[in-house]
Structure formats: C-alpha cells, structure tokens
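Every number in this text was worked out from the coordinates using simple rules, so none of it is lab data. Just so we're clear, the structure is a prediction, and the values are computed from it rather than from any experiment. Ideal geometry is used to build each Cβ from the backbone, glycine not excepted, and the neighbour counts take in all protein chains shown.
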C-alpha cells in the first residue's frame, strides 16, 4: 500500500500524517490528503523525517550462516539482512564455486528458504554440471532457483516474482540496463546496474552477492564507486593452478577488515582448512594434536608469526642469497612488500656489517599468502642471514618484529596472540621485540626480547 502524504492548504507544508493544526502557519483544519493524480508537488522534503539520533531504535543484527565457517569468519560472523557483498578474483579461482556452495546451504537456513542464482556468463546446463560435480544434495538443489539473464529489468522482475532472501549475480559486468545507451560492461552500466540492485536489496532486506571481474593489476574492474556502494568487498586470492585459496575482506561494515579464510580446492569443490598455520609451513604434517614433534628449520628459512585481523597464523619465510654475475644484482620478493627489501638490506649492512651488494636476494612467503604487515621484517632478515651463512636457525624458532632504519626492533600488535599460536603448534623458542614480552609466562616456549637488530647475530 502506498504511503499517503498530507499538505497544508494554507502554506503548502507537507506532512507524513494528519494534524489538526499546521505546525508551520498555525492554521487549524487546513491539513488535507494528497489525492491520486493531484498536481501538488509531493516530493517536497517532509520535516517530520528529521529525527534525533538518540531516538533511533537499534535492532540487533541477526547473522545468517553460510554453512562455511571460514567464509562466515571473513564476513564477520555471517550475513546480515540487506547486506551487499562484492567478490572479486582472477578467472578460474573459484568465485562461482564458493557462492554456489554457500547458496546451497543458505537455501536451508534463510527465512523463506528462497534463493536465486542469476548467471550472466554461463548457461543453465553449465551451472547444473558444476552443482553435480560439487555433489550438492538434491534436496538443496530443489530450493535453488536459477535464471540465465543479463537484462536488468528482467532480473528485477524475477526478484519481484520469487522474492529471494539471497540473490547471487554472476557477474555484475555482464548486466546491462536497456534504458541506458551505454554498452554492457561500461563504467556507466556497471555503476547504474549495481546501484539499482543495491537499492532492491536494501528495500527488501535481502542479501545480495555481486561477483566482479578484476583487471590486470588485480583490482576490481569498473568504477571505484562500486566498492563504495556495497557493504563488504572480498577478494579471492590464489593461483588457479594451486589447490589453496584465500578469501580476504578488504572492506566490511559488519566485521573486521583483512580477515582471511583458507580453503583447499578439490574435485568436489572448496574444502575448509581448519588449521591454516600448518598449511603454510613446509612440514605441514603436524597439527596442534602432535605439537611435541620437533620443528626443524633449513638454511634460509624462518617461521613468521603473522596476524591477519583477528587470526594469528604461522607461515614460513624463505630466502636465497646467491652470487651475482652481472652488474645489477636482483632483489625479488614473492608474497611480501618488495619496497621494504632494499631498505632491510641497507639496515643489515649498516648495523650488522653484512653486505649483499654483489649478490642476488630472493625472498618468498610459502603458501601464496600476501603479507603486507611490517612485522615480517625480523623474519625476513633472519632468513637472509641464515642463507648467507648457510646455517640453519635453532630448531623450533619463530620470530616477528618491525625493523626501523636505525636498527631498532619495534613492537607489533597482538603479540600475545602470536606467541600463544606458536606455543600451541609446538614451537619452543621465539625472538620478539622487547616491548612485546608478556607479563605472564607462557608455558613450553622460551621468549627472547631484543631491541636492536645486531642482537640476532647471537643466534647464528
């Protein structure tokens, strides 16, 4: 039912409900309802819509689980009604597979058990073939509605008829508005189609997933405003030739950013990795149940205790230092910040008197995870020194810490959580910034706090 508007016949002030006296001109019995077909200007701003922030009622956001705990972690604990999530990633990395698995679970847990999958790139037979490969339960398949459509008007009409609680649009770059003169995939089409789909989600309190393409730089293709109008932006990281996938949130209005979820790609779809720390270590046969196994390191390797949003995680940093036979030694980083490596080598030469000016330096973060936090500095330099001296670090050693230009070791956030994760996985020694030394003792791990980079030479 359309909401009625009221106006004052004396001063033309508008109201959302009837009043005996106009609050603007103080005239009695002058409030009338706006009739259908009336030429009265009804889009005048209603001053009754202005409210005090203290009067706004806050309703608790009820989370809807996707059935994938790693995906729920990235989303902040699950989906929220009316949430719009944009997922980007390289072709073939598994975006459609992830959402089809999540949609099959959501078909059982949404309020009206109605979900809709809109395929703009694949035929219905191709999507059905993927569902068969994923071995999705037939009971769940019967509740997933699907159409192959790229016209925005038809998609919105399908949403009106089916009233889905969750809508998946695969992909937003293929949708076009017939009323627009721009071609499909253009900046104007992506912006307008995304805005109309977002308005539908907010108006109906339905959850909307938008799959987006990425350009050659790895950023989402299309206008930057696309990331601003959605509630969450999630990137699917990982090489399509590798079996491991990482889902990372770079924007989330309902949860923490930089939260990651780890999956393993198999012939039956994406499988959750419950212990990602073991995944990113070379000797990944151990788990928290057999933490008594001695962790042996090789020359040029160091275990780094990272912190991805709320999740502490261990991964291996590898370094290879080899003699250069040209006039331009190489400095190569994979999975780490390439801009910090020359700075760290300069600090190493100045404060530890270890030079690499005539050697190639290669540094790699094992497992395909991209590390952006500067707390990896100490682990990088330890692995480089270990490679130069061809000597392993002490067994069971883990390290973290940011290094300044004057050689000082700066503290890192959530140091206690990093140390606890290392102790849980059986590591017995840790080199950390002195400022991160905990006040309470952590059993089964020896902590060494350092304040200068030259202090690490005692361990080699």
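Quick check: the angle from helix 152-162's long axis to the longest principal axis of the chain, C-alpha only, nearest 10 degrees? Around 80 degrees separate the two axes.
Seen from every direction in turn and averaged, the convex hull around the alpha carbons of the chain projects onto 30.4 nm². For the range 337-383, count the residues as N, evaluate 2.2 N^0.38 Å, and divide the Cα radius of gyration by that value, please. Relative to the 2.2 N^0.38 Å estimate, the range 337-383 comes out at 1.17.
Summary of packing: across the peptides 62-73, 324-335, the per-residue average of other C-beta atoms within 10 Å ranks them, highest first, as 62-73, 324-335.
Contact order, relative form, for the range 288-459: 28 percent (alpha carbon pairs under 8 Å, 6 or more residues apart, mean separation divided by residue count). The three principal axes of the C-alpha atoms in the range 69-274 carry coordinate ranges of 46, 39, 31 Å, sorted with the longest axis first.
Each peptide in 376-385, 305-314, 124-133 was scored by the mean count of other Cβ atoms within 10 Å over its residues; highest first, the order is 376-385, 305-314, 124-133.
Principal axis extents of the Cα atoms in the range 156-265, from largest to smallest and rounded to whole angstrom, are 41, 30, 24.
Convex hull volume of the Cα atoms of the range 61-178, normalised per residue: 110 Å³.
The listed peptides 340-348, 15-23, 424-432, ordered by packing as a protection proxy, come out as 424-432, 340-348, 15-23 (highest mean of other Cβ atoms within 10 Å first). Kindly express, to the nearest 10 degrees and within the range 0 to 90, the angle between helix 95-109's C-alpha long axis and the longest C-alpha principal axis of the chain. Helix 95-109 sits at roughly 60 degrees to that axis.
Entry note, the chain: the mean residue ellipticity at 222 nm calculated from DSSP H runs of n ≥ 4, each adding -39500 (n - 2.57), is -7000 deg cm²/dmol after division by the residues and rounding to the nearest 500.
For the range 122-189, the fraction of C-alpha pairs more than 20 angstrom apart is 39%.
Dividing the mean sequence gap of close Cα pairs (under 8 Å, 6+ apart) by how many residues the range 69-274 holds gives a relative contact order of 31 percent.
Distance from the C-alpha centroid of the range 362-398 to that of the range 139-164: 50 Å, rounded to the whole angstrom. Equivalent ellipsoid of the range 288-459: semi-axes from √(5λ) of the C-alpha gyration tensor, largest first, are 26, 17, 15 Å.
With contacts taken as Cα pairs under 8 Å at a separation of at least 6 residues, the chain carries a relative contact order of 12 percent. Where does helix 124-133 land angle-wise versus the long Cα axis of the chain, in degrees 0 to 90, nearest 10? Between the helix axis and the principal axis of the chain, the angle is about 40 degrees.
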